[in-house]
1. Which residues, counting only those in the stretch 20-62, are hydrophobic (A, V, I, L, M, F, W, C), surrounded by 15 or more Cβ atoms within 10 Å (Cβ to Cβ) and in a loop (DSSP other than H, G, I, E, B)?
2. What are the residue pairs meeting all of these: first residue in the stretch 46-66, first residue closer than 13 Å to SER29 by Cα, second residue in a helix (DSSP H, G or I) and modelled with pLDDT under 95, Cβ atoms under 9 Å, and 6 or more apart or on different chains?
3. Of everything in the stretch 172-191 that's within 16 Å of the chain's Cα centre (by Cα) and over 20 Å from ALA7 (Cα atoms), which residue is surrounded by the fewest Cβ atoms within 10 Å (Cβ to Cβ)?
4. Which of the residues belonging to the stretch 1-38 are farther than 28 Å from GLU191 by Cβ and aliphatic (A, V, I, L, M)?
5. Taking GLY79 as the residue in question, decide whether it is touching a strand residue (DSSP E or B) at 6+ places or on another chain (Cβ under 7 Å) and at positive phi.
6. How many residues are within 22 Å of the chain's Cα centre (by Cα) and free of Cβ contacts under 8 Å to residues at least 12 places away in the same chain if we restrict to the stretch 100-150?
7. Please determine whether any residue of the stretch 78-97 is closer than 23 Å to ARG192 by Cβ, surrounded by 17 or more Cβ atoms within 10 Å (Cβ to Cβ) and not hydrophobic (A, V, I, L, M, F, W, C).
8. How many of the residues making up the stretch 162-193 are free of Cβ contacts under 8 Å to residues at least 12 places away in the same chain and hydroxyl-bearing (Ser, Thr, Tyr)?
Amino acid sequence: MRRIVFATNNQHKLLEIRSILKDDFEVLSLSDIGFLEDIPETGTTLAENASIKSYTIYKRFSLDCFSDDTGLEVEALDGNPGVYSARYAGEDATYDENVNKVLSELEGQENRKAAFSTVISLILDGNEFQFEGRIAGNITTGKHGAAGFGYDPVFQPNGFDITFAEMDEATKNKISHRGLATEKLVAFLKERL
C-alpha cells in the first residue's frame, strides 16, 4: 500500500481522511514522521495556506504529501470567518468558542447562508496539484448533534434537515467539502500511480 503524509496535527481531520482513503493509502501524520512543530498559516487564502503546509513538509522530508485548509464562509458576515475559521475567536480558540462567536454575530439575522470550502495541496515528486471541494448550506440558530468537529454542529448542508454533526460518518464524508476535495485527490492519485 502506498504511503502518503497528511501534513496536519489535527486528529479530527486525520481520522476523517484516513477513513476516506483507508482502502488506497496508508496515511501518515506529522507525528508519524517526527514533525512536531506548528506550521504558521500566513496565507490570505485557503489555497496559499494549504501550499505553505505541504511545501514545508516536502522541503524538509522529500516525501509525497498533502495538506488542506478549510474555511467556513458566512454570507451575512462578508465571507468570514473564511481563512481564519480555526482561530476566529482568537489564536488559541476552541471549536466551541469559534462556533459561539459565529452564532452571536448572526443573532437576529435572517440570512444564514454559508458554504464550507476545502483546498487540498498535493506535492507529488516535487510538483504541486490542488483540489477544491465546496458545499453550500445554512448556519442553524443553535448547536445540533455531537459528531464531527469545528462548525459541524451549526452547519446544515443544502438538501438536508440535519447538521454535519448529526450525520453518520459515511454520509458526511460523501458530501462534505473535505470529502469532495479528497475524492478529486484520490481520483488523481489513482490515475497517476
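The values are calculated or read from the model by the stated rules, or taken from the named source; none is laboratory data. All of these numbers come straight from a predicted model, not from anything done at the bench. A quick note on method: Cβ atoms are made from the backbone with ideal geometry, for glycine too, and the neighbour counts reach across all protein chains shown.
1. If the condition is that a residue be hydrophobic (A, V, I, L, M, F, W, C), surrounded by 15 or more Cβ atoms within 10 Å (Cβ to Cβ) and in a loop (DSSP other than H, G, I, E, B), then LEU30, PHE35, ILE39 are the ones that fit.
2. Every condition considered, the pairs that remain are PHE66/ILE17; PHE66/LEU185.
3. Here the residue is LYS174.
4. LEU36
5. Spelling it out, GLY79 is indeed touching a strand residue (DSSP E or B) at 6+ places or on another chain (Cβ under 7 Å) and at positive phi.
6. Residues that pass the stated criteria total 2.
7. No, the stretch 78-97 contains no residue that is closer than 23 Å to ARG192 by Cβ, surrounded by 17 or more Cβ atoms within 10 Å (Cβ to Cβ) and not hydrophobic (A, V, I, L, M, F, W, C).
8. Residues flagged as free of Cβ contacts under 8 Å to residues at least 12 places away in the same chain and hydroxyl-bearing (Ser, Thr, Tyr) within the stretch 162-193 amount to 1.
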